[in-house]
Amino acid sequence: MLDMFRNKGLQSAVYVVLIVATVVVFVIQFNPSAGKQSAKLTQSCAATVRGTCIEPKDHKAEFMLLVPFDEHGARLMGRAKQMHIPQIALDGLIERQLLIDEAHRIGLTVSDDEINDAIISGFLRVSIPADKPELENVLQPPAIDGKRYFGFWFRDPKTKDFDQKVYARNVKNLVGESEVEFRQFETDEILAAKMRDIVRAPVRVSEQEALESYLNEKSLAVLTYVEVRPQFVARYSNPQPASDALIEEWAKKPEDAALVASTLEARKKDPPKDGNIRHILVKVAPSDGPKEHAKALAKITEAYSRIQRGEPFAEVARALSEDSSKNKGGSLETDKTDGFVPAFKAAAAKLGNGDMTQTAIESQFGYHLIMRDDSSRLAKDVARELYYKAMNHDAARAFAERIQAAIKAGKSPDDAIHAEMASLKPIPFIKVTPDTTLDRKPTASADAGAPDATAASTGDAGAKPTKPEPVETQLDPNKDDDRPQALTSNSVRRGGDTLPKLGAADAANVLQFAFTAKDGEVMNQPVQMSDGGYYVVELKSHKLATPEEFQKDRGPYMDQMLHARQNEALALYMKRLLDAARPDIHKDEAYMASWTSDAGAGSDEDEP
């Protein structure tokens, strides 16, 4: 049977008929000057590439060749759609057509023997987009070098040999095409594969390159690090505002004066309007329980503390306010108090330009901080803001340096943090100006101090009521989400990324430390993060890969590296082809939308 399939002599008459038929089709449907099929006015195309039609039957065939199988050999159509295989198949065919055009340009061809060998072997070519090489390994069975094995569809169940009759019977079930159509389909796949091979062929990997890559990839380190955030240090270490005189003295220094001047110039483009009212709102209902009120007071206290240490009211409003005005920096865009609720109106009416309430103003909506803009203070406010930013930065660095020194002296990172945190003081919640008109009757769910409902409902008169949980009355540095904590990194590769939020130079320094220091050693200086914070970094452990280990893994590693480099080269080549052809590539969106339903997907029960 195999000889019959390969023996063109015995089938010469058949081939004559096929050739004649092909010529007729060629004359009717093909552009003789271009040597490729053009889309006719009435022809349905899944896509066109420079006028060449990609027919739905070919798209369905590609899809069928890319569908994953389960362990029993059943095709997983639903899984294929989840993996976006319909779209991937069409993208692969578009790339295939561009590669075929290039193959024709340089004179590549495919022989009958190559087609026969591919079909008989059962390793059929598939066109996976060049930018998705990882799909090769995701498919089951995998696509090795762009080929998937379908031999069991074409083999005699008893002899396990290729059988022409079995092939003829099953090729339609496999791809939905006739033998003749599939033969042309596979011809196109082989031709495109030849072009891919030509693109990949010049790529080389030297042993020295592979060695360096191996040492970088296989050398691993684990870091212990402490993140010190400026906002945390500022929150608890600078409770008292600086005087105007101190800030003016700071702003006279040449480097600081230049920064103040440039920032002031930018702010003058949208200056504050005298008397304009701004507010920060943290929502809580009067009937809510003590816990909800404590949570709201913690947030409004944080807002107050941040403003006191120099942050602009508008920036704090954008960060913390729960009112729709937050996007405008808390601005209510009026200097009038008419229309506001009585408690808010009374507090705002007492403020002069540049003043802010020194208590949280309670209303039916929650807790407010209120201020009025003062354009005459713009220069002073800018200087104050920049002064505190500089001071907070210096304080965070000093805080990190003290933790670092304690670790170097022999303390564990946790103990070093604990010792430094002991110097910080909790911040009492801001005082509240209450709204005496509010109905504070708690709801059943909000009454945190109510007796134990369970005991009452069971009739256990002797049961003691549940003791209410303690309610916070201050911002506690030891419970703050921004507090420093000792963290452990993932395994760091010598040639990879280190810790998040590091610039290129600092990341390189951390990597250098990770693979040259001794386990337990601490970096000499805190490392500044891109957001202004600092890392204190300790090397927990590391392992250096060796040339001897490379020699053991040399063959597979170099093959893997070469394959990756070749895929990169192919992806770049295909990107250039796609970019050049982009205006002449058109997908039928309506056709592709039909693949979101079950149309054209075939049956989940298709088996050889």
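The values are calculated or read from the model by the stated rules, or taken from the named source; none is laboratory data. This structure is a prediction, so every number in the text was calculated from the model and none was measured. Reconstructed Cβ throughout: ideal geometry from the backbone, glycine too, with neighbour counts over all protein chains shown. Ligands, DNA and RNA are stripped out before the accessible areas are found, and what is left, the full protein with its side chains, is counted by its heavy atoms. Shrake-Rupley method; radii C 1.70, N 1.55, O 1.52, S 1.80 Å.
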Rank HIS393, HIS104 by accessible area, highest first, at a 1.4 Å probe radius? HIS104, HIS393
Could you calculate, for the stretch 481-608, the ratio of the Cα radius of gyration to the Kirkwood radius, expressed as Rg to Rh? 1.20
When only DSSP loop residues count, what trypsin sites (Lys or Arg not before Pro) in the stretch 128-224 have their Cβ near at most 14 other Cβ atoms within 10 Å? LYS158, LYS160, ARG204
Go through LEU578, ILE427, ALA285 and say which Cα lies farthest out towards the positive end of the charge dipole of the chain; charges sit on Cβ, +1 for Lys and Arg, -1 for Asp and Glu. ILE427
Per residue, how much accessible area does the chain have with a 1.4 Å probe, in Å²? 53 Å²
Each residue of the stretch 83-95 in turn: what ³J(HN,Hα) in whole Hz from Karplus with 6.51, -1.76, 1.60 and θ = phi - 60°, glycine and Pro shown as x? 7, 6, 4, x, 5, 5, 4, 5, 4, x, 5, 4, 5
Rounded if a/c is under 1.5, else prolate if a/b beats b/c, else oblate: with a ≥ b ≥ c from the C-alpha gyration tensor eigenvalues square-rooted, which is the stretch 175-334? prolate
If you average over every viewing direction, what projected area does the convex hull of the Cα atoms of the stretch 223-275 give, in nm²? 7.0 nm²
Lys, Arg +1 and Asp, Glu -1 on Cβ, resulting dipole of the chain about Cα centre, debye, nearest 20: 840 debye
Counting helices only, and only those DSSP H runs with n ≥ 4, report the 222 nm mean residue ellipticity of the chain as the sum of -39,500 (n - 2.57) divided by its residues, in deg cm²/dmol to the nearest 500. -15000 deg cm²/dmol
Along the charge dipole of the chain, which of GLY352, HIS368, SER121 sits closest to the positive end, that is, farthest toward it, with unit charges on the beta carbon of Lys, Arg, Asp and Glu (+1, +1, -1, -1)? GLY352
Under the classification rounded if a/c is under 1.5, otherwise prolate if a/b is larger than b/c and oblate if not, where does the stretch 247-372 fall, given a ≥ b ≥ c as square roots of the Cα gyration tensor eigenvalues? prolate
Using the Kirkwood formula over every pair of different C-alpha atoms, what hydrodynamic radius in Å results for the stretch 111-199? 13.7 Å
For the chain, the accessible surface attributable to carbon and sulfur atoms (probe 1.4 angstrom, ligands and nucleic acids excluded) amounts in percent to 53 percent
Given charges of +1 on the Cβ of Lys and Arg and -1 on the Cβ of Asp and Glu, with all other atoms neutral, how large is the dipole of the stretch 265-305 about its Cα centre, in debye to the nearest 20? 120 debye
Using the scaling law 2.2 N^0.38 Å as the reference, what is the normalised Cα Rg of the stretch 300-363? 1.09
Please label the shape of the stretch 57-109 as rounded, prolate or oblate, based on the square roots a ≥ b ≥ c of the eigenvalues of the alpha-carbon gyration tensor (a/c under 1.5 means rounded; beyond that, a/b larger than b/c means prolate, else oblate). prolate
Jot down the per residue volume, in cubic angstrom and as a whole number, of the convex hull over the alpha-carbon atoms of the chain. 311 Å³
Toward the positive end of the charge dipole of the chain, about the Cα centre and with charges on Cβ (Lys, Arg +1; Asp, Glu -1), which of VAL175, GLY495, PRO230 goes farthest? PRO230
How compact and how long is the stretch 212-301, expressed as Rg and Dmax of its alpha-carbon atoms in Å? 23.3, 67
